[in-house]
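The values are calculated or read from the model by the stated rules, or taken from the named source; none is laboratory data. Nothing here was measured: the structure is a model prediction, and the numbers come from that model. Neighbour counts are summed over all protein chains in view; Cβ atoms, including those assigned to glycine, are modelled from backbone coordinates with ideal geometry.
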Amino acid sequence: MDGALKLWIVIVVVGALNYLSRLSFIAFFASREMPPLLARALKFVPAAMLTALVLPMVLSPSAAGALAGINPRVPAAIVAAIVAYFTHSTLKTLAVGMTTLWLLQALAG
Amino acid sequence: MRHLFASKDFREGFVEMLPACVGLIPFGLVCGVGAQAAGADWLAALGMATIIFSGAAQVLAVQLYAAGAPTAVIILTCFVLGLRFLMYSAAMAPYVKPLPASWQRTLAFLLTDQAFAASVRRFNAKDDPRGGGLHFLGCGAALWLMWIATNMTGFFAGNAIPASWSLDFAVPLCFIALVAPLYRSVPAVMAGLMAAIAVVVLAALPMKLALIAAGLIGIVAGTLVDLARERWTAR
């Protein structure tokens, strides 16, 4: 399939599904309570999905090298996570994470 | 649009969101850079910011697209990630119930965590659904316009930044900023931990299915631990 067409299909369908999710309880199920088990499971969507999304980005390019402590992204990500946990600030997390990575890269290079 | 800006509630919402918009700048830039790196043209980058209007979904879609995942897998994975909007929708529903259906449909499109938090404060402070709705529209419009502007800036300026700066690392950092503060309860930590283990162990799954599989495993793990903990403390 043509790459541009594929991307547009993704944009339109994901956009529509996101919109329907946003609209769900406001319009379709307005008079209904959310099932308790669904409400409980939804609480864990961000923690599970975002962790699964982030980890491969940090471990790449080489997961084996990362485990051996060669990939400076791993310690930089850990430091950034600690800053994020305590400050809740995207700007501070970015600043500390990028600075740590640059320092480690300078030390290694 | 002009009569919206004439409304005091709309303008209040718009202005109230400006600080949150500043916090959105790096994330928006990162999304634009990601779209550019994945080989999207500027129109597709604009479409993503305008139509999907969700940083996490945009980065996820772009990553899977660049990795050559099938269309159905990209859509399915983004759908699971987007399920969290059900939560916001249910929380918002009682406040917008008195409003006309056309308003509800517009408000739903602009539903994000930032706009939601600000508007719930406002809906609770005054018994004025119409004013609250206008305030929400103002919040949502500010975030949406800022989101489009930062995405496009990232798309066009991303090229100018040297690779030695490792700016691609800003993408995971933005998500770490979102996810690390969530690890405040045992079930949430278990959801993240199980998803992390699964995404590494299942990395070899075909069609880039590892992400959605790991996400679902994490959600189930968090839910089970949450149920078990409740039963245990109830005793």
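Remarks
- Exactly one residue out of B:110, B:99, B:143, B:134 is touching a helix residue (DSSP H, G or I) at 6+ places or on another chain (Cβ under 9 Å) and either of a type outside the set (A, V, I, L, M) or over 19 Å from residue B:18 (Cβ atoms) (or both): that is B:99.
- Test: residue in the range B:19-42 that is part of a loop (DSSP other than H, G, I, E, B) and within 30 Å of residue B:125 (Cα to Cα): no
- On inspection, residue B:187 qualifies as more than 30 Å from residue A:102 (Cβ to Cβ), of a type outside the set (D, E, K, R) and at pLDDT 95 or above.
- Within the range B:11-27, if we keep just the residues that are within 11 Å of another protein chain (Cβ to nearest Cβ) and touching a residue at least 12 places away in the same chain (Cβ under 8 Å), the residue that is nearest to residue A:96 (Cα to Cα) turns out to be B:26.
- If you go through the range B:68-92 and keep only what is assigned to a helix (DSSP H, G or I), modelled with pLDDT of 90 or more and small (Gly, Ala, Ser), you end up with B:72, B:82, B:89.
- Subset of the range B:161-187 (residues that are farther than 30 Å from residue B:223 by Cα, within 7 Å of another protein chain (Cβ to nearest Cβ) and in a helix (DSSP H, G or I)): B:169, B:170
- Within the range A:74-109, being among the small types (Gly, Ala, Ser) and more than 8 Å from chain B (Cβ to nearest Cβ) holds for A:95, A:106, A:108, A:109.
- Qualifying residue in the range A:32-43 (condition: at pLDDT 80 or above and either of a type in the set (Ser, Thr, Tyr) or farther than 30 Å from residue B:105 by Cα (or both)): no
- For the range A:21-41, the set of residues classified as of a type outside the set (Phe, Trp, Tyr), more than 7 Å from chain B (Cβ to nearest Cβ) and closer than 10 Å to residue B:86 by Cβ consists of A:38, A:39, listed by residue number.
- Of the residues making up the range B:197-212, those that are touching a Pro at 6+ places or on another chain (Cβ under 9 Å) and either assigned by TED's automatic domain parsing to the domain that holds residue B:73 or in contact (Cβ under 8 Å) with a residue 60 or more places away in the chain (or both) are B:207, B:208, B:211.
- Breaking point among (1) modelled with pLDDT of 90 or more; (2) within 18 Å of residue A:54 (Cα to Cα); (3) among the β-branched types (Val, Ile, Thr), for residue B:30: (1)
- Being in a helix (DSSP H, G or I), of a type in the set (A, V, I, L, M, F, W, C) and not assigned by TED's automatic domain parsing to the domain that holds residue B:8 holds for only one residue in B:152, B:194, and it is B:194.
- Of the residues making up the range B:47-67, those that are more than 8 Å from every other protein chain (Cβ to nearest Cβ), in a helix (DSSP H, G or I), closer than 19 Å to residue A:4 by Cβ and small (Gly, Ala, Ser) are B:49, B:66.
- Unmet criterion (only one of (1) within 11 Å of chain A (Cβ to nearest Cβ); (2) part of a helix (DSSP H, G or I)) for residue B:111: (2)
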